[in-house]
1. Taking the conditions exactly as written (within 16 Å of the ligand (Cβ to nearest atom), at pLDDT 95 or above and within 30 Å of Ile264 (Cβ to Cβ)), does Thr353 satisfy them or not?
2. Out of (1) farther than 20 Å from Gly309 by Cβ; (2) touching an Asp or Glu at 6+ places or on another chain (Cβ under 8 Å), the odd one out for Glu410 is which?
3. Residue pairs, Cβ under 6 Å, 6 or more apart or interchain, first in region 362-387 and in contact (Cβ under 8 Å) with a residue 24 or more places away in the chain and within 16 Å of the ligand (Cβ to nearest atom), second β-branched (Val, Ile, Thr) and part of a helix (DSSP H, G or I). List them.
4. Can you report the number of residues in region 110-128 which are of a type outside the set (S, T, N, Q) and more than 16 Å from the ligand (Cβ to nearest atom)?
5. Just checking, how many residues over region 152-179 are under 20 Å from the mean Cα position of the chain (by Cα) and on the phi > 0 side of the Ramachandran plot?
6. Return the residues of region 275-300 that are out of contact with any Leu (no Cβ under 8 Å at 6 or more places or on another chain), in contact (Cβ under 8 Å) with a residue 40 or more places away in the chain and more than 18 Å from Glu255 (Cα to Cα); say none if nothing qualifies.
7. Give the residue, chosen from Asp92, Asp77, Asp65, that is charged (D, E, K, R), assigned to a helix (DSSP H, G or I) and modelled with pLDDT of 80 or more.
8. Across region 228-247, what is the number of residues that are within 16 Å of the ligand (Cβ to nearest atom) and over 23 Å from the mean Cα position of the chain (by Cα)?
Amino acid sequence: MKIILILLVPALLMCNFACFTPGAKDNESGSSSGNTRQTDTTKPVKTDSIKTNTTLNKYTDLNKDAFALHYDAIVIDTHNDILMPVFLEGADLNRNNPGTQSDLVKWKKGGLDVQMFSIYVPERYKSNHFSYVMKLIDKLEENQAEHPETFALCKNSEELQAALNSGKFCGLMGAEGGNMIEGSMENLETLYSRGVRYLGLTWNTSNAIAVSARDETERGKKGGLTDFGRDVVKRMNELGMMIDVSHLGETAFWEVAELSNAPIIASHSNTYSLCPHYRNLTDEQIKAIAKSGGYIGINFFYKFIDPNGNPGNIKSVQSKYRNGSSQFNDDDLVKFNEERYEYIQNNLSSSGTSIDMLIDHIDHIKNLVGVDYIGLGSDFDGSITTVNELYDATCYPIITKKLVERGYTEEDIRKILGGNFMRVFKQVCN
Ligand SMILES: [Zn+2]
């Protein structure tokens, strides 16, 4: 059955955040994603099938059908910062923005079915974190209410599956940085009641809950969870809210691992063994997350993948890939991906950081603890430069193709693309 996605009215434009100046995320990574105000490159995007995620061995020749498998599978991304350009720079969630890495048009083209939106408050608004968050959620809900036929904001796995069955694009909410609850358990409970289903206990800065990875590593800050932080972990367990340890200091991590009675997630982190950055997980941390039955969303940011990466080189390669791919017709997305992939293979560059290094991180986790704990947590639009081939959110299918080339089975790939997260989401949040 074909479903035409009616592109949504730019309801989020001209919102109440006009007083805020445009800017990148407070990320140590650097530059903004550029001008996001250009818009009207919109055209209808088609999806080819209803997603059921029940068929685990549908394809006999994955080399031939890698892209068909991608569009058949449920694909979930557990971390994306698009709400920042939407609310701070006037980007439109519903249109194909030249200046953003993601939006609804790119997600549909990239075969994404579920996006977990990062609810994040830039540090410069720290005097009113919680009210900022409430307005952010208001706006997302308004967008959903205006487009109930095509977009669903879900709070549990039953709602999620029902929305997927009806062919809708699904949004989930996760919060990044426990500073936003302003030391109040009541605020945590309000976040939950509004639909937020994970909380990253810290962002790069420490707060009333815990010490962050950056502060612990780069500034020698001591301490793990505070007393309040321990109460937050227990309350999140009671509420059915996932504890996100991306950005969390290692001392606090081990206290969470000890304290939590539910699976732990890292919504957007990679492996320290392959790229020793404070944002990445050591092998012992990966084993602890697996032991909890948890989940790790692989981050596309080159800094967490390649210790020697150079953003200028990557952007130059991406520009070539993006321009080269624009010549191919995308009415048939499988064919489009075959042509794009062939083009990329014929124009491989030794410069920049290849997606192969990202797949190495997936391999590392698989070899360490198995495939059941791996997913995708792109960090798109979080002021990041992604690896060469993943130049924007239309490029998720290239990951599936690479996994096939590495010998992953159809069942493995379906788990990585979305099945593993669905399992944890159902276990913790229902
Ligand atoms: Zn982050």
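The values are calculated or read from the model by the stated rules, or taken from the named source; none is laboratory data. Quantities reported herein were computed from a predicted structural model and do not represent experimental measurements. Cβ placement follows ideal geometry from the backbone for every residue including glycine, while neighbour counts extend to all protein chains displayed.
1. So Thr353 fails the test.
2. Of (1) farther than 20 Å from Gly309 by Cβ; (2) touching an Asp or Glu at 6+ places or on another chain (Cβ under 8 Å), only one is false for Glu410: (2).
3. Thr385/Ile314
4. 8
5. Counting residues in region 152-179 that are under 20 Å from the mean Cα position of the chain (by Cα) and on the phi > 0 side of the Ramachandran plot gives 1.
6. Passing the criteria: Cys275, Asn299.
7. Asp65
8. 0
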